[in-house]
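Before any comments, here is the structure.
The values are calculated or read from the model by the stated rules, or taken from the named source; none is laboratory data. Small disclaimer: the values here were computed from a predicted structure and weren't measured. Don't worry about glycine lacking a Cβ; one is built from the backbone with ideal geometry, like all the others, and counts go over all protein chains shown. For the accessible areas, the whole protein counts, side chains as well, though only heavy atoms, and no ligand, DNA or RNA atoms are used. Shrake-Rupley method; radii C 1.70, N 1.55, O 1.52, S 1.80 Å.
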Amino acid sequence: MSLDTSAILAEAQDKAGFADREPAMARNLEVLCASLNDDAKLNTDGEAAARRAIVTRQADRIGGLKWCADHPEILDEPIDAVFLCGLPRSGTTYFQYLFDRDRRFQLVRTWQSLVPLPPPAVDAKSVEDRKFFAREIRARTRPAEPENFAALHLYDEDGSDECHAFLEQGVTAAGFHNVYDVPTYFDWLISDCDPIPAYEVHKRQLQLLQWRGERKPWALKYPNHVLFMDAICAVHPAARFAITHRDPLQVLASIAKMTLTLRKTRYDTVDPARVGEQMLHFIEAHIARIMAFADGAEAHRVVHVDYYKLVANPAEEMTRVHTALGIGSPPDVMAEIAGWQRENPKNARGANDYALAQFGLSADAVEERFAAYRQRFAIPREADAIKELSE
């Protein structure tokens, strides 16, 4: 059996009760399905899970079209957003949780990612049902996770989530390549994909969540937003970005470990060396986009954030971020940030050891390839940064 785009979209339309009106999504889905079918063979359970997930996200997207057809004013909802991004595994989740302590912002919640419809403000009863569903999903998936998965990735059932599910709707989520062995899809994503239609879908989902509710600026976390900052600026002319920077060698080892962990649940065999080679290319693509944007006409939109300073003194670094964003740092917000740091010290959920060698990578060779990025943003070696901040 193989994944078939037409059959997936037909099932998604039946599930949503509405006809698809976005042919660009079908084209994107064709590339993803071809890569899933041809690049590396999923095991039976992995293929079934992939199909369920794709159908669900396409039904979410088409369901959003239905809501907007019935209520066109949804598309008039103004979206004000700060995009929290950076290299994957560079502290974006930690950064997001600090923004989640700030009453002035709204963030995507886990239950909104899993079940984004109906718009929350029009069906309060469904909100509690969706929160319960999120907890149930977590309870079912937790036993299959490795013992140290919580250290690899922060996750709270009713907490803030990233934008991956909403970019899955537009089939333009770079994170697919961490879950699946799909190099053909990723190469298409960074060379031939038009990301603007997918970011229009992403914006529409935010409008649906915000409709008839309180309007606040969004803090939107997804490391891979750095791949498409030009497209984001086209869809959100007032967009701002906050980019975290961490030792790229540590980042590469960490994303390789997470990718290996995620793929082991979907493939019968996973070659660590293949993962290492793919993730080196993956991180280099992100670095290239960060460097190009930093040297471009829209560079003023970006606040650059030192991961090590953020972890060591989040109140001080967040005050600097607030200033760069043109907002103040109210005492109650800073107290919330300080409180979260006390309750969630580094490694509170476990520690992970990362080694490039287990993925067939030479630290010296990788360092040479990342040297320009490290120099451009004055990024220290992780061991040096930790030693300096602890003295």
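Okay, here's what the table says:
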read-out: Probe 1.4 Å, accessible area per residue of the chain, Å²; value: 43
read-out: Prolate/oblate/rounded label for region 282-350 (Cα gyration tensor, a/c 1.5); value: oblate
read-out: Within region 1-82: Cβ-based charge dipole about Cα centre, in debye rounded to nearest 20 (Lys, Arg +1; Asp, Glu -1); value: 260
read-out: Only Lys, Arg (+1) and Asp, Glu (-1) charged, at Cβ; region 269-391 dipole about Cα centre in debye; value: 160
read-out: Ratio of Rg to Rh over the chain (Cα coordinates, Kirkwood Rh, two decimals); value: 0.94
read-out: Surface accessible to a 1.4 Å probe, residue 245 within the full protein complex, Å²; value: 10
read-out: Selection from 232, 244, 213, by position along the positive dipole direction of region 208-281 (Cβ); value: 213
read-out: Cα→Cβ-extended label distance, 7 Å offset, between residue 128 and residue 294, nm; value: 4.9
read-out: Positive-pole candidate from 362, 315, 188, dipole of the chain, charges at beta carbon; value: 315
read-out: Cross-link pairs 309/387; 41/203; 221/264; 131/216; 221/257; 15/125 - those with Cα-Cα distance over 24 Å; value: 41/203; 221/264
read-out: Highest-fluctuation residue, 237, 118, 272 considered, GNM on the chain with Cα pairs under 10 Å; value: 237
read-out: Inter-centroid distance (Cα atoms) of region 257-310 relative to region 371-387, Å; value: 16
read-out: Among 216, 203, 125, residue whose mean-square fluctuation peaks in a GNM of the chain (springs only between Cα atoms under 10 Å); value: 125
read-out: Positive-end residue, the chain charge dipole about Cα centroid, Cβ charges, pick of 383, 40, 177; value: 383
read-out: Modelled FRET efficiency - R0 25 Å, residue 69 with residue 238, Cβ distances, 0.05 increments; value: 0.40
read-out: GNM result for the chain, Cα springs below 10 Å: residue of 250, 358, 375 fluctuating most strongly; value: 375
read-out: Relative contact order (percent, whole number), the chain, Cα cutoff 8 Å, 6+ residue spacing; value: 24
read-out: Computed magnitude of the charge dipole of the chain (debye, nearest 20; Cβ of K, R +1, Cβ of D, E -1); value: 640
read-out: For region 61-108, convex hull volume per residue from C-alpha positions, Å³; value: 110
read-out: Formal net charge of residues neighbouring residue 381 (Cβ-Cβ distance under 11 Å; K, R +1; D, E -1); value: -2
read-out: Prolate/oblate/rounded call for region 1-148, Cα gyration tensor, a/c under 1.5 rounded; value: oblate
